[in-house]
Amino acid sequence: MIHMGFSGVVTFFLVRVLKVVTPVKMTFDIYISCVVPISAFFASSLWFGNTAYLYISVAFIQMLKALMPVATFMMAVSCGTDKARWDLFLNMLLVSVGVAVSSYGEIHFNVIGTFFQVTGIVCEALRLVLTQVLLQKKGLTLNPITSLYYIAPCSFLFLFFPWIVLEKPAMEVEHWKFSFWVFFTNALCALALNFSIFLVIGRTGALTVRVAGVLKDWLLIALGTILFPESKLTGLNIIGYAIALSGVVLYNYLKMRDATIVHQISLVDVDKPKEWRLDKKDSDVLEKDIPANASMPVGDEEAPLIPSSRFQRNQSGNHDV
């Protein structure tokens, strides 16, 4: 809730006062039909994901996050933004088996904490797919600043009411003291994370962020085990996560390969004479030029506020940040 409030204030200052970016044409209908549902799922993923830390270890949470591609793929297929393919299905099965093995080997396995984390992952997957379906349908393109500008205040409200009902009474009973500098620096890091991911994608590409995300997961598991003695790793933990991680890496490769194929096709189509392209129907392009196994990526869990369309433009050589 503090992250969303802080991000909303900062982005309002950047957009309205400093005018760093220009806000998109946002009508009340688009806000209600697009921004509010996306904000609701975003707030839900934050609440469920953060609540899981009360029950299970940091290392185990990172292992469960390997299920993110599985949840995203299932939601994308259900919503019609991706096609059911055998290569991706077997890939998702590999990830699921790896997470199952890792969970079986967890010493301090907790059903409630696992439920919260998996629910948070499902909400995040729904938010990613919803972002593609709704925002792209409306023709909107949001960067991290404009995304936070519209989504953060709404997410703040969705998190504020559960805080009033569930957490504030317990904080009053325990005489909990608010540490301004701890939460201020924490919120500053969260805001810097979204901006840094956007800059990395703009300068390098989505593949770099995906590879860095794999390295980040291993570092978090290692540091979580070192800093928190109760986070004990077993052999099954490591084997299961290694299996799941191999599936995640393969998933990233398949999605990046599909994006490259679609990008190459678009370049060929752009290079064709204007008169030829006007005579060619959209159905011909879809049936003849795009391979049957190509699919558009639904988004990237490492950059939750950047629509997948932004990824496509950045990968095609547009480094405009």
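The values are calculated or read from the model by the stated rules, or taken from the named source; none is laboratory data. Please read these numbers as outputs of a predicted model, since none were measured by experiment. Note: ideal-geometry Cβ built from the backbone for every residue, glycine included; neighbour counts use all protein chains shown. Heads up: the accessible areas ignore ligands, DNA and RNA and are worked out on the full protein's heavy atoms, side chains in. Shrake-Rupley method; radii C 1.70, N 1.55, O 1.52, S 1.80 Å.
Tabulated values for the structure
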item: Tally of residues being in contact with a helix residue (DSSP H, G or I) (Cβ under 6 Å, 6 or more places away or on another chain), of a type in the set (A, V, I, L, M, F, W, C) and either over 28 Å from Thr185 (Cβ atoms) or not in a helix (DSSP H, G or I) (or both) across the range 1-23; result: 3
item: Matching residues, the range 247-264, being hydroxyl-bearing (Ser, Thr, Tyr) and surrounded by fewer than 20 Cβ atoms within 10 Å (Cβ to Cβ); result: Tyr253, Thr260
item: Unmet criterion (only one of (1) surrounded by fewer than 16 Cβ atoms within 10 Å (Cβ to Cβ); (2) aromatic (Phe, Trp, Tyr); (3) in a helix (DSSP H, G or I)) for Trp47; result: (1)
item: Qualifying positions in the range 110-134 - among the aliphatic types (A, V, I, L, M) and either closer than 17 Å to Val70 by Cβ or without any contact (Cβ under 8 Å) to a residue 24 or more places away in the chain (or both); result: Val111, Val118, Ile121, Val122, Ala125, Leu126, Leu128, Val129
item: Test: Ser196 is among the hydroxyl-bearing types (Ser, Thr, Tyr) and free of Cβ contacts under 8 Å to residues at least 24 places away in the same chain; result: yes
item: Among (1) part of a helix (DSSP H, G or I); (2) of a type in the set (A, V, I, L, M); (3) open to solvent by less than 20 Å² (accessible area, probe 1.4 Å) - the single one Leu193 does not satisfy; result: (3)
item: Qualifying position, being closer than 26 Å to Leu223 by Cβ, over 19 Å from the mean Cα position of the chain (by Cα) and either among the polar types (S, T, N, Q) or open to solvent by less than 60 Å² (accessible area, probe 1.4 Å) (or both), among Val101, Val95, Val111; result: Val101
item: Pairs, first at negative phi in the range 179-190, second of a type in the set (Val, Ile, Thr) and surrounded by 13 or more Cβ atoms within 10 Å (Cβ to Cβ), C-beta under 8 Å, six or more apart; result: Phe183/Ile2; Asn186/Ile2; Ala187/Ile2
item: Qualifying residue in the range 139-152 (condition: part of a helix (DSSP H, G or I) and within 22 Å of Gly80 (Cα to Cα)); result: no
item: Residue satisfying condition, being under 21 Å from Ser96 (Cα atoms), part of a loop (DSSP other than H, G, I, E, B), more than 13 Å from the chain's Cα centre (by Cα) and among the hydrophobic types (A, V, I, L, M, F, W, C), within set Ile61, Ile56; result: Ile56
item: Selected residue (only one of Cys34, Cys79 is surrounded by 19 or more Cβ atoms within 10 Å (Cβ to Cβ) and farther than 22 Å from Asn186 by Cα); result: Cys34
item: Residues (in a helix (DSSP H, G or I) and open to solvent by 60 Å² or more (accessible area, probe 1.4 Å)) located in the range 170-190; result: Glu172, Val173, Phe180, Trp181, Val182, Phe183, Phe184, Thr185, Asn186, Leu188, Cys189
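Every residue, every condition in (1) in a helix (DSSP H, G or I); (2) small (Gly, Ala, Ser); (3) open to solvent by 20 Å² or more (accessible area, probe 1.4 Å), yes or no:
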| position | (1), (2), (3) |
| --- | --- |
| Ala66 | yes, yes, no |
| Leu90 | yes, no, yes |
| Phe115 | yes, no, yes |
| Cys123 | yes, no, no |
| Thr131 | yes, no, no |
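Results for (1) under 22 Å from Arg85 (Cα atoms); (2) part of a helix (DSSP H, G or I); (3) under 19 Å from the mean Cα position of the chain (by Cα), shown as yes or no for each residue.
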{"residue": "Asp217", "(1), (2), (3)": "no, yes, yes"}
{"residue": "Thr225", "(1), (2), (3)": "no, yes, no"}
{"residue": "Ile239", "(1), (2), (3)": "no, yes, no"}
{"residue": "Ala242", "(1), (2), (3)": "no, yes, no"}
{"residue": "Leu245", "(1), (2), (3)": "yes, yes, yes"}
{"residue": "Met256", "(1), (2), (3)": "yes, yes, yes"}
{"residue": "Ser266", "(1), (2), (3)": "no, yes, no"}
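Residue-by-condition table, conditions (1) open to solvent by 40 Å² or more (accessible area, probe 1.4 Å); (2) of a type in the set (S, T, N, Q); (3) under 25 Å from Leu166 (Cα atoms):
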residue	(1), (2), (3)
Gly8	no, no, yes
Arg16	yes, no, no
Thr27	yes, yes, no
Ile30	no, no, no
Thr51	no, yes, yes
